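Each remark here refers to the structure printed beneath this line.
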Amino acid sequence: MPFSDFDERLAEVRGRIAAAVARGGHGQAVRIVAVTKTHGPDAVEAAWRGGLRDVGENKVQEALEKQPAVTGEAAAMRWHLIGHLQRNKVKNLGAFSLLQALDRPSLADAVNDFGTHRGEPMPVLVQVNVAGEETKGGYEPSMMEGESVRLRSLTGLRVDGVMAMAPFDVDEATLRRVFSGARAAQSVLRKAGHEASELSMGMSGDYEVAVEEGATMVRLGSLLFGARHA
Ligand SMILES: *Cc1c(COP(=O)(O)O)cnc(C)c1O
């Protein structure tokens, strides 16, 4: 059976998250988003059986092909888009319950149009590029002050919080700097009047530090499902 050790992995992760919440002292609830990219619908079904209700995909096309193949109760899974979104694919956002990668003002405008036309705001997380990595998308932290105010006028989207990614293979001090920078961006959004209660940060290699720093969502792929297919 595929993903036969999924439940054990998940139990281990849940224990580590609880311990990290206790160490960090933020007292937050933490949601696990199972990152199913490159895996088949059986990964989504395994996540559902394990009690998870959120999956993350980084490509629109892959998610749209996978969704109809998911059977049984798992068809009620919530899908998060966690990767870069091209403007010509914004029309597909109806297939997702949360866009975690609102990474630039022009995309905010397009998502606003989408939400306005369907008559229901699109939930989003603002992706912040705290470490200033060239290879990653996201708002520069210095843009947050102005953009937070502007986003308030875009009633076709709803800012639920912040998403951030730490660089790979960095020391713990750098991880903490990135994650606390994401938290600072969240408080800028909240000061501007957004609900922004979510902090999505932490992947397989760094989720415990992220939870210590206040993450309310962790996005876990390889740790739950093993190595990704090409
Ligand atoms: C792939 C991906 C993840 C999961 O990565 P793992 O290291 O396998 O846990 C998390 N977030 C984003 C944005 C991703 O693209």
Review point. Which residues' amide hydrogens lie under 5 Å from the amide hydrogen of Leu157, considering only partners 5 or more residues apart or on another chain, with H built in the peptide plane?
Key: Met122
Check your understanding: For region 84-209, what value does the Rg/Rh ratio take when both radii are computed over Cα atoms and Rh is the Kirkwood radius, given to two decimals?
Key -> 0.97
Exercise for review: Along Cα→Cβ, 7 Å out, is where each label goes; now give me the distance between the ones at Thr116 and Ala184 in nm to one decimal.
Suggested key: 3.3 nm
**Study point:** Loop sites in region 93-198: chymotrypsin sites (Phe, Trp or Tyr not before Pro), DSSP, at most 11 other Cβ within 10 Å
**Key:** Phe168
**Study point:** Only Lys, Arg (+1) and Asp, Glu (-1) charged, at Cβ; region 1-146 dipole about Cα centre in debye
**Key:** 140 debye
**Study point:** Net lengthening on full extension, Glu65/Thr174 (0.36 nm per residue, minus Cα-Cα)
**Key:** 35.5 nm
Point to revise | Accessible area expressed per residue, the chain, with surrounding protein chains retained (probe 1.4 Å, Å²) | key: 45 Å²
Check your understanding: Considering only protein heavy atoms and a 1.4 Å probe, what is the carbon-and-sulfur percentage of the accessible area of the chain?
Key -> 50 percent
Review point. Any idea what the dipole of region 62-102 comes to, in debye rounded to 20, about its Cα centre with Lys/Arg Cβ at +1 and Asp/Glu Cβ at -1?
Key: 220 debye
**Study point:** Gly56 long-range amide H proximity, modeled H, under 5 Å
**Key:** Ala34, Val35, Thr36, His80
Point to revise | Rotationally averaged projected area of the chain (alpha carbon convex hull; nm²) | key: 12.3 nm²
Exercise for review: State, as an integer percentage, the relative contact order of the chain based on alpha-carbon contacts under 8 Å between residues 6 or more apart.
Suggested key: 22 percent
Point to revise | Calculated FRET efficiency for the pair Arg87/Arg9, C-beta based, R₀ 35 Å, to 0.05 | key: 0.45
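The values are calculated or read from the model by the stated rules, or taken from the named source; none is laboratory data. As the structure is a prediction and not an experimental result, all values here were calculated from the model. In this analysis, Cβ positions are derived from the backbone assuming ideal geometry, glycine residues included, and neighbour counts consider all displayed protein chains. Surface accessibility is based on the protein's heavy atoms, side chains included, excluding ligands, DNA and RNA. Shrake-Rupley method; radii C 1.70, N 1.55, O 1.52, S 1.80 Å.
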